[in-house]
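Some notes on the structure that comes next.
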Amino acid sequence: LHVLPLAGWWSADDLRGAFAGLVRAQPMLRAVAEIAPRRWRVLAADAFRADDIPWVDLRALSRPRADAAIAGIADALRAAKADAVIGYAAALVSRGDCEHALVLYGDHLLWDGQSFEAMIEAMRALLD
């Protein structure tokens with residue numbers, strides 16, 4: 001599970017658009033596991049729409065309640081990932097007008113520590 005903080009005056013549309021741009025640019029974020037034969041297949045760049053990623057507005061909650069809600073979102077993503085055709089489940093969360101996060105739960109085959117950092121930098125660049 002990764003919770004990536006994203007600070008800035010961005011709307012839900014901005015955040016969704018940046019994540020969709022990241023998915024278009026990163027083939028591993030469009031990889032689908034096939035059962036038979038056992039392999040990964042990469043979906044077309046336009047297969048993912050910005051509206052496909054959930055956005056959760058937690059701005060009205062206190063910090064402890066928002067943290068608890070994010071933990072619940074993480075549990076939901078873990079469950080969703082088990083049924084997902086792609087190798088991860090994701091959600092965007094807003095805690096405040098300038099305090100957002102990308103919450104990702106996925107296969108370690110998709111990213112490791114270094115590739116995850118590169119992916120995050122790419123998303124931040126898309127937002128700037």
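On the stretch given as segment 1-13, residues that are open to solvent by 60 Å² or more (accessible area, probe 1.4 Å) and either among the aromatic types (F, W, Y) or over 13 Å from A90 (Cα atoms) (or both) total 4. When the test is whether a residue is touching a residue at least 40 places away in the same chain (Cβ under 8 Å), within 14 Å of P5 (Cβ to Cβ) and surrounded by 11 or more Cβ atoms within 10 Å (Cβ to Cβ), F116 passes it. Only a single item in (1) outside any strand (DSSP E or B); (2) open to solvent by less than 80 Å² (accessible area, probe 1.4 Å); (3) modelled with pLDDT of 90 or more; (4) not polar (S, T, N, Q) is not met by L22, and it is number (3).
Each row is one residue, and each column tells you yes or no for (1) open to solvent by 60 Å² or more (accessible area, probe 1.4 Å); (2) among the hydrophobic types (A, V, I, L, M, F, W, C).
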position	(1), (2)
W55	yes, yes
R59	yes, no
A69	no, yes
A80	no, yes
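Residues that are small (G, A, S), at pLDDT 80 or above and not in a strand (DSSP E or B) were ranked within segment 25-53; the one that is nearest to A91 (Cα to Cα) is A50. The set of residues in segment 54-101 that are out of contact with any Leu (no Cβ under 9 Å at 6 or more places or on another chain) and assigned to a strand (DSSP E or B) contains only D57. Checked against (1) open to solvent by 40 Å² or more (accessible area, probe 1.4 Å); (2) in a strand (DSSP E or B), R16 meets all criteria but (2). Checking each residue in segment 25-52 for being in contact (Cβ under 8 Å) with a residue 60 or more places away in the chain and either among the hydroxyl-bearing types (S, T, Y) or open to solvent by less than 50 Å² (accessible area, probe 1.4 Å) (or both) picks out L29, A31. With respect to being at pLDDT 90 or above, more than 13 Å from the chain's Cα centre (by Cα), of a type outside the set (V, I, T) and closer than 22 Å to R124 by Cα, S11 fits the description. I73 passes all but one of (1) modelled with pLDDT of 90 or more; (2) more than 16 Å from R124 (Cβ to Cβ); (3) more than 14 Å from the chain's Cα centre (by Cα); (4) surrounded by 12 or more Cβ atoms within 10 Å (Cβ to Cβ); which number fails? Single failed check for I73: (3).
The values are calculated or read from the model by the stated rules, or taken from the named source; none is laboratory data. What you are looking at is a predicted structure, and each value in this text was computed from that prediction instead of being measured. Because the Cβ atoms are built from the backbone with ideal geometry, glycine has one as well, and the counts that use them run over all protein chains shown. Note: accessible area is taken over every heavy atom of the protein model, side chains too, but ligands, DNA and RNA are not part of it. Shrake-Rupley method; radii C 1.70, N 1.55, O 1.52, S 1.80 Å.
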